[in-house]
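**Q** The structure under discussion is supplied below as structure tokens; questions concerning it will follow.
The values are calculated or read from the model by the stated rules, or taken from the named source; none is laboratory data. Note that this is a predicted model, so its numbers are computed, not measured. Note that each Cβ is placed from the backbone with ideal geometry, even for glycine, and that neighbours are counted across all protein chains shown.
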Amino acid sequence: MQVFLSHSTEDKDIVEAIGSWLINEKKLDVWIAQWRLTAGDSLVQRIGDGIKSSGKLVVFLTPASVISNWVNKEVAVGLVRQLAKDKGLGDKFVIPALLKKCDIPIMLSDELYANFTDKAFDDACEELYRGITDQPLGNQNKTFQNAFVKQYSVPPHSSGKHATVIEFGVKVSPSEGFIGHIKFDNKFSRFKEWSGTQGNPSPPQGAHPAVFMNVEVREYLDKTGFFKKFSSPNVSPRNSYYWYFESDEPLKVISATFLDFSGNKP
């Protein structure tokens, strides 16, 4: 079944991440304009064709999308009702998905929707999938976790050493400033940092650290921990911040913290 994802331009990054999850985890055929259009295509005609050939229409709701002219056209009452009637789907053709808290359009206000604002990213994607496949949405009570910390084992830069990379990333909302704190079970001997593509622990060619402000750095005296506080780290759903550590023995993370300046998960 093809699923059409309707969204505003400002929400492109997170919708593409959700689309990738639906493809990789659930093997759905996902229609996103940026993935399907080529030079010379008529935007209106191609997107219209995408909606008409889809089994479900997911409408992503944010403050930006509810005022978007294009999103409003895509979910126009007449078009949606006619498409649903033609497909024999009744009111199950449109699946709302709340990305950020906003006023839900009247025509969608009585629909059950997948909620990305109050649960973990994977759980929200699973909830959306159940809506797409007409399974009961159920009750999801897990707290939404936007920030994540991952550890990677990587080849060391120095001979005879071990190396690990720590990734600080976000799933939906970009972070304008945060505190990173790592505690290891062994000592580290070398540290490096950079900003790069999410999920890729290798530094880009000629990579330089991002430009940070309001920087505060501390290392544990026994070299088993590292702390850094800063703003403007350029952390987004596409771009993460990385720490590289070398050591004589393999490093295991005992604790990892990723907080914004107010003490809340970004």
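**Q** In the range 214-230, which residue that is under 18 Å from Ser255 (Cβ atoms) and of a type in the set (D, E, K, R) is surrounded by the fewest Cβ atoms within 10 Å (Cβ to Cβ)?
**A** Filtering the range 214-230 for residues that are under 18 Å from Ser255 (Cβ atoms) and of a type in the set (D, E, K, R), the one surrounded by the fewest Cβ atoms within 10 Å (Cβ to Cβ) comes out as Asp222.
**Q** While we're here: Could you tell me which residue of the range 120-162 is modelled with the lowest pLDDT, considering only residues that are acidic (Asp, Glu) and either touching a Cys at 6+ places or on another chain (Cβ under 6 Å) or surrounded by fewer than 16 Cβ atoms within 10 Å (Cβ to Cβ) (or both)?
**A** Asp134
**Q** Continuing with this model, one more query. In this structure, does Glu216 turn out to be at pLDDT 80 or above, in a strand (DSSP E or B) and in contact with a Phe, Trp or Tyr (Cβ under 9 Å, 6 or more places away or on another chain)?
**A** Details: at pLDDT 80 or above: no; in a strand (DSSP E or B): yes; in contact with a Phe, Trp or Tyr (Cβ under 9 Å, 6 or more places away or on another chain): yes.
No.
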